[in-house]
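Here is the structure we will look at, set down as structure tokens.
The values are calculated or read from the model by the stated rules, or taken from the named source; none is laboratory data. All of these numbers come straight from a predicted model, not from anything done at the bench. No Cβ is skipped: glycine too gets one built from the backbone with ideal geometry, and neighbour counts run over all protein chains shown.
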Amino acid sequence: MLVTASSSGESDSGFHAPSIDEFYPEIIAFDGTPFALNRIMLIRLIVVAALIILFWLVSNKFKKASVTQNFVPGRFQLMGEIALNFVRSNIAHEQLGKKDGDRFLPLLTTIFFTVFGMNITGIIPGFNIAGTSVIGLPIVLALAAYVTFIYAGVKHHGIKFFKIATVPSGVPAAFLPLVFVIELLSTFILRPVTLALRLTMNMIAGHLLLVLCFSATWFFFFSADGWFKLFGAGTFLFGFVFTLFELLVAFLQAYVFTLLTTVYIQLSLADDH
Amino acid sequence: MITNIVLAAAEATKNPLLPENYDLFWSSVVFVILLTFFWFKVLPGFKKTLDERTEAIEGRLAAAERAQAQVAEKTAEIEKAQENSRAEAASIREAARAEGVAILAELKEQANQEAARITATAKAQIEAERQAALVSLRAEVGTLAIDLASQVVGASLKNDKVASGVVDSFLAELESSEKASKGKGK
């Protein structure tokens, strides 16, 4: 409905209303194959390259420090350490303890920096769309989290894990079937689905909001007549504020995704439900 | 308008909840690359750096503690040595003072003895001289008295036995009276 309305409005006013189209830009290369490239896929690859370059440099600093036995980190190394340590201490160690935290740290670190890096492109001029705003990547990450927390549970409890996860102790026998269904749903279906959906929908909504604000600003400044131009200032201000807000959301969603993954792993390792 | 609607209908089939194949493919590539990178490249170095730093800090703290303990030990040693030398100095001073006192006493004693000896010698000498004077006086007194008496009675008493007896008895009397006066004087 929205799409029809917007495209019919577009033809005469020049106002570009945001639509779901935004997330399916034209294919640039390998059209029709499973590895077709479009703008968003390219953005993802650029983010991967940026992350690798950034952390490669940090990693080199680590190596250098180790070789020269210089234990005072420089500014750049310290920034890297703070970022890595945020996941390590504030998320992994806090929820899982030192031993298990370090065990699952590679996955948690990857999830955090992937999500954050992909989110942040939503407000970087030139990119203007989050790499996580198409559901593929959130699904892959949620799947990784799903497999990992089941692996953690099975490794820790054996096959009994599925019983522990779905049949909590201390529930009256009469309610057990109901509780079993609820637990089964929430643990093995809703957890990964909500992980992926929460992230995607946040990014989609954020992008649509920004597009709405800035295309309205464009419209008011260049197509509207007389006093209506003033509205452009208002929509621009909104766009600016929402950009800052998106910066917060980018970090927050990365944090939430990683934290929830950690909590799921922790719940799998817990002895009692 | 019609094309718009057709286009919109085609677009509407795109469900943002269903991933395209290429989307899943590239997402997996991204994830696997980054997971491998963080797992095998970044995090080992990070962990190593943190461990080495902890170790270095602990090592340096321990070294500092050791150094401090050594310094404290040395200070105690020095203080003890100072205390010892101070005590030694005091005892040496004490001994010297005692020795000085002893030497002084000895010297005084020697001086006293010397003085006593000199006094005694002088007394003995005086006594001897007095005796000598007495003897010579006694001898001379006799002749002087006889000479005097001879001149008084007339120059005949020189070789007379009586006269010499008188003189002797006079002298004895003189001596005894002298002795008596000496005993009274004492």
Any hit, region A:214-228, residues being polar (S, T, N, Q), touching a residue at least 40 places away in the same chain (Cβ under 8 Å) and not in a helix (DSSP H, G or I): yes
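Given the structure, is residue A:78 among the aliphatic types (A, V, I, L, M), part of a helix (DSSP H, G or I) and within 10 Å of chain B (Cβ to nearest Cβ)?
Details: among the aliphatic types (A, V, I, L, M): yes; part of a helix (DSSP H, G or I): yes; within 10 Å of chain B (Cβ to nearest Cβ): no.
Criteria not met by residue A:78.
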Residue check for residue A:250: more than 28 Å from residue A:184 (Cα to Cα), buried (at least 18 other Cβ atoms within 10 Å of the Cβ), out of contact with any Asp or Glu (no Cβ under 7 Å at 6 or more places or on another chain) and at pLDDT 95 or above: yes
Qualifying residue in region A:62-72 (condition: more than 8 Å from chain B (Cβ to nearest Cβ) and under 22 Å from residue B:37 (Cβ atoms)): yes
Any hit, region B:60-77, residues being under 30 Å from residue A:72 (Cα atoms), more than 41 Å from the chain's Cα centre (by Cα) and surrounded by 10 or more Cβ atoms within 10 Å (Cβ to Cβ): yes
Residue match in region B:56-65 (condition: at the interface with chain A (Cβ under 9 Å from one of its Cβ atoms), under 19 Å from residue A:55 (Cα atoms) and out of contact with any Asp or Glu (no Cβ under 6 Å at 6 or more places or on another chain)): no
Residue tally, condition more than 12 Å from chain B (Cβ to nearest Cβ), touching a Pro at 6+ places or on another chain (Cβ under 9 Å) and free of Cβ contacts under 8 Å to residues at least 12 places away in the same chain, over region A:85-137: 0
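If only one of A:239, A:206 is at pLDDT 90 or above, in a helix (DSSP H, G or I) and over 30 Å from residue A:90 (Cβ atoms), which one is it? Quick ask: steps written out before the conclusion?
On the way: A:206 fails: over 30 Å from residue A:90 (Cβ atoms).
Step by step, each of A:239, A:206 is checked, and only A:239 is at pLDDT 90 or above, in a helix (DSSP H, G or I) and over 30 Å from residue A:90 (Cβ atoms).
Name the single residue that is farthest from the other protein chains (Cβ to nearest Cβ) among those in region A:21-36 being acidic (Asp, Glu) and assigned to a helix (DSSP H, G or I). Before you say what the answer is, go through the steps one by one.
First, the residues of region A:21-36 that are acidic (Asp, Glu): A:21-22, A:26, A:31.
Keeping just the survivors that are assigned to a helix (DSSP H, G or I) gives A:21-22.
Numbers: A:21: 6, A:22: 10 Å.
Step by step, filter region A:21-36, then rank; the result is A:22.
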Residue in region A:186-211 that is farthest from the chain's Cα centre (by Cα), counting only those that are under 15 Å from residue A:143 (Cα atoms) and at the interface with another protein chain (Cβ under 10 Å from one of its Cβ atoms): A:193
Any hit, region A:37-57, residues being at the interface with chain B (Cβ under 8 Å from one of its Cβ atoms), outside any helix (DSSP H, G or I) and touching a strand residue (DSSP E or B) at 6+ places or on another chain (Cβ under 9 Å): yes
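Checking the structure you have, find out if any residue of region A:147-157 is crowded, with 17+ Cβ neighbours inside 10 Å, in contact with a Leu (Cβ under 9 Å, 6 or more places away or on another chain), within 14 Å of chain B (Cβ to nearest Cβ) and over 22 Å from residue A:247 (Cβ atoms).
So the first thing to find is which residues in region A:147-157 are crowded, with 17+ Cβ neighbours inside 10 Å, and the list is A:148-150, A:152-153, A:157.
Now narrow it down to the ones that are in contact with a Leu (Cβ under 9 Å, 6 or more places away or on another chain): A:148-149, A:152-153, A:157.
Filter once more, keeping what is within 14 Å of chain B (Cβ to nearest Cβ): A:148.
Those still in the list that are over 22 Å from residue A:247 (Cβ atoms) too: A:148.
Within region A:147-157, one or more residues are crowded, with 17+ Cβ neighbours inside 10 Å, in contact with a Leu (Cβ under 9 Å, 6 or more places away or on another chain), within 14 Å of chain B (Cβ to nearest Cβ) and over 22 Å from residue A:247 (Cβ atoms).
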Single residue of region A:168-189 satisfying the filter (free of Cβ contacts under 8 Å to residues at least 40 places away in the same chain and in a loop (DSSP other than H, G, I, E, B)) that is farthest from residue A:264 (Cα to Cα): A:172
